[in-house]
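The values are calculated or read from the model by the stated rules, or taken from the named source; none is laboratory data. Small disclaimer: the values here were computed from a predicted structure and weren't measured. No Cβ is skipped: glycine too gets one built from the backbone with ideal geometry, and neighbour counts run over all protein chains shown. Note: accessible area is taken over every heavy atom of the protein model, side chains too, but ligands, DNA and RNA are not part of it. Shrake-Rupley method; radii C 1.70, N 1.55, O 1.52, S 1.80 Å.
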Amino acid sequence: MSNPQGPMTGRRQSPETRPQARAQSPGSQTSLRKRNQQRVVEALVKVGASTQADLARRTGLSTATISNIVSYMAKNGLVSLTPTTSSGRRAVSVRLLTSNGTVAAGIGFGRRHLRVVLVYPDYTIAAEENVVLPQKYDPRAGFDLAKQVLTRLLEETGTSWEALSGVGVGIPGSIDRRDLMPVIGTVWAEWAFVDVVVELEDRLGVPVVLDNDANLGSVAETIWGLHGGATNLVYLKVGSGIGAGLILNGQPFNGATGVTGEVGHVQVVPDGQACRCGNRGCLEAEASIQAMLDRLGTVTPIQSTEDLVRAVQGGDVAALRVIEDAARLIGRVVGDLASILSPEVIVLGGPLAVLGDTILEPISRSFARHVLPLVRDATDIVASTLDDRGEALGRPRSSSIRPQSASSSGSEASGVMNDRVCERSRDRDS
């Protein structure tokens, strides 16, 4: 699933050149070709080798369009072509190449973790690694560590740096699409004014695609999750912050500036807790994991996300009450979002997804009280099956990928990086 607006890649542009730096219009021929190519890739991943006629039937594209796409992909080493017969007639079997000598990488930066994933062009995972980071780490130290981990994974898989087509990166905060910088008020203070794309491209020497972790999570769900057929999906990331990634009409939605899905900054408690965005009573300030830990830290020994999960699973009454209160606020806000967007499914991601019905049921009850019965009945609220790997896996998809199996911590970055960076690399070489 390609992104017509696309994750952000390349060095920052001056204000004078900024309009030219934006991604291709969703209606442009380049964007249309990329979307059609991704439909072919997804069909080949799903069913395996197919004739061009089969691909036309499965994708709904014309045979002429399929022929052009297949020729382009064969020229660029993405598929192999083998003579065959179909219904007694000569045909060509098209097979997606698991590895054409290239890989894409996804790097996911969290509040206290780093995940790096390597992915082949057919969305299978080559290698991955998760590293725990200190709280309030310097992003530049994180970039250095990411390079070390990526180098180690390339060596373990016998892959050269020359074979790395690009890197998709996700951070916990919105990205201003106009200058590719983190948006102040949506990111932690350490990330303010950090030019992520330039810093990483200087270190890695390959194209870097940047996006918000929740946006990448939504992409990962459509690749590695159980909801690949959903055309309207909300991925709700509840972690140290709260944000939503949106898939609308089958495409990631980034809006005009890239600041979308910031449900964490919807006010839910008038004159409530101060929020890093400068307002009070935002959902993030009242219902994020950090907000839960702040409440519990004064009356219980619970100090970390892991402590919180263990306490809830063990039946701790204080932890259960805090989860219930947070879920009630979350359900109200996603109810408002569903009333506007009418998604088929809302996927809860982040470290609390493992709690399953313990958190989903109070979210669903609150959701039901704030939407029309039709919206309630038409919207599924589920937990992500990608555990903590979702964001990293979504990143290579921008660069190119789909796994044999996946959990959620790397998911978001790997998926987004794969096709977008491969495209960018080929365009750069042509």
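Rounded to the nearest whole Hz, the Karplus-based 3J(HN,Hα) values (6.51 cos²θ - 1.76 cosθ + 1.60, θ = phi - 60°) of the stretch 150-159 follow the sequence 4, 4, 5, 5, 4, 5, 5, 9, x, 10, with x at glycine and proline. Divided by 2.2 N^0.38 Å, where N counts the residues, the Cα radius of gyration of the stretch 273-342 comes to 1.21. Accessible area of E42 (1.4 Å probe, protein heavy atoms only, ligands and nucleic acids ignored): about 50 Å².
Roughly what percent of Cα-Cα pairs across the stretch 184-305 reach past 21 Å?
When all Cα pairs of the stretch 184-305 are counted, 51 percent exceed 21 Å.
Per residue Cα convex hull volume for the stretch 153-234, in cubic angstrom?
That works out to 142 Å³ per residue.
State, to one decimal in nm, how far the label point of N249 lies from the label point of S87, with both points 7 Å from Cα in the Cβ direction. Taking the simple label geometry, N249 and S87 are separated by 3.3 nm.
Shown in residue order for the stretch 311-317 are the 3J(HN,Hα) couplings computed by the Karplus curve 6.51 cos²θ - 1.76 cosθ + 1.60 at θ = phi - 60°: 5, 5, 5, x, x, 4, 5 Hz (x for Gly and Pro). What Kirkwood Rh does the stretch 122-196 have if only Cα atoms enter the pairwise 1/r average? Answer in Å. So the Kirkwood estimate lands at 14.4 Å. Peptide packing for 165-178, 81-94, 201-214 was compared via the average number of neighbouring C-beta atoms within 10 Å per residue; ordered from the highest value, the list is 165-178, 201-214, 81-94. Normalised size of the stretch 28-143, defined as Cα radius of gyration per 2.2 N^0.38 Å with N residues, equals 1.41. Label reach from K136 (point 7 Å along Cα→C-beta): in the stretch 243-282, amide nitrogens under 17 Å belong to 275-277.
Mean projected area of the convex hull spanned by the Cα atoms of the stretch 81-171, taken over all viewing directions: 7.4 nm². One decimal place: the segment R369-S80 gains 98.7 nm when fully extended, by the rule 0.36 nm per residue minus the C-alpha distance. For the stretch 99-132, the residues whose amide N sits under 16 Å from a probe point set 7 Å from the Cα of E155 along the beta carbon direction are 128-129. Applying the Kirkwood pairwise sum to the alpha-carbon positions of the stretch 262-382 produces a hydrodynamic radius of 14.8 angstrom. Heavy-atom accessible surface of Y120, to the nearest 10 Å², is about 50 Å², with a 1.4 Å probe and all protein chains retained. A straight line joining the Cα centroids of the stretch 278-353 and the stretch 140-165 runs 35 Å. Here the stretch 313-385 is described by how far its Cα atoms reach on the three principal axes: 36, 24, 15 Å, from widest to narrowest. The amide H of I302, built 1.01 Å from its N in the peptide plane, has no neighbour under 5 Å, considering only residues 5 or more places off or on other chains.
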